[in-house]
Ligand code: FES
């Protein structure tokens, strides 16, 4: 039986190992190349998704309507995308998505801590750029780009692409 097998497949075991090892390294090289290309693609997609995106400008409020340390809920860019316009105690205006990046609970401004807070799982975000200060949210809050026209405040786009 073994003799017949060797006649049909005349490859010695030593050569057979050599071929197998070479194929294995060829496979590993191709797999590594595929992983490298995939990683580069994911990195490029991630960078693109962080670029700012413009939408039609929407007036949110006037500066005079917002006292320092207050916030105003609005929708942008779609009527279902809830956001928060915040006037910090310093007088600076910022706006962020109101949807927590953990499980989408609505977040609120906490003027006493000068941060955005999610009561669902004790998450918190910075007002500087929306980065996570504490809790389980995996990503920063998407920031809304603002533009000032006279006394009026407009939403004009997103800093991070998650409309
Ligand atoms: S939903 Fe906001 S921290 Fe969990």
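The values are calculated or read from the model by the stated rules, or taken from the named source; none is laboratory data. Computed from a predicted model, the values in this text were never measured in an experiment. Note that we place each Cβ from the backbone using ideal geometry, even for glycine, and neighbour counts take in every protein chain shown.
Which residue pairs have Cβ atoms under 7 Å apart, sit 6 or more places apart or on different chains, and have a first residue in segment 100-126 that is at positive phi and touching a residue at least 24 places away in the same chain (Cβ under 8 Å) and a second that is in a loop (DSSP other than H, G, I, E, B) and more than 7 Å from the ligand (Cβ to nearest atom)?
Pairs found: 114/88; 114/89; 114/127.
Hey, any hits in segment 139-150 for a residue that's in contact with a strand residue (DSSP E or B) (Cβ under 7 Å, 6 or more places away or on another chain), in the same structural domain as residue 80 (by TED's automatic domain parsing), within 14 Å of the ligand (Cβ to nearest atom) and assigned to a strand (DSSP E or B)?
No: zero hits.
Would you confirm whether any residue within segment 83-90 is within 16 Å of the ligand (Cβ to nearest atom) and surrounded by 15 or more Cβ atoms within 10 Å (Cβ to Cβ)? It would help to see each step written out before you state the result.
Step one: list which residues in segment 83-90 are within 16 Å of the ligand (Cβ to nearest atom), which gives 83-84.
Going one step further and asking which of them are surrounded by 15 or more Cβ atoms within 10 Å (Cβ to Cβ), we end up with 83-84.
Within segment 83-90, one or more residues are within 16 Å of the ligand (Cβ to nearest atom) and surrounded by 15 or more Cβ atoms within 10 Å (Cβ to Cβ).
With respect to residue 62, is the statement that it is at pLDDT 95 or above and more than 24 Å from residue 113 (Cα to Cα) true?
Judged against the criteria, residue 62 is a match.
Would you check if residue 145 is under 17 Å from residue 70 (Cα atoms), surrounded by 15 or more Cβ atoms within 10 Å (Cβ to Cβ) and at pLDDT 95 or above? Spell out how you get there, then give the answer.
On the way: under 17 Å from residue 70 (Cα atoms): no; surrounded by 15 or more Cβ atoms within 10 Å (Cβ to Cβ): yes; at pLDDT 95 or above: yes.
No.
Condition check: under 12 Å from residue 155 (Cβ atoms) and within 16 Å of the ligand (Cβ to nearest atom). Does residue 118 satisfy that?
Working: under 12 Å from residue 155 (Cβ atoms): no; within 16 Å of the ligand (Cβ to nearest atom): yes.
Criteria not met by residue 118.
Any residue in segment 53-74 that's without any contact (Cβ under 8 Å) to a residue 24 or more places away in the chain: show its pairings with residues that are outside any helix (DSSP H, G or I) at Cβ separation under 6 Å, as long as the two are six or more apart or on different chains.
68/87; 68/89; 68/91; 72/61; 72/85
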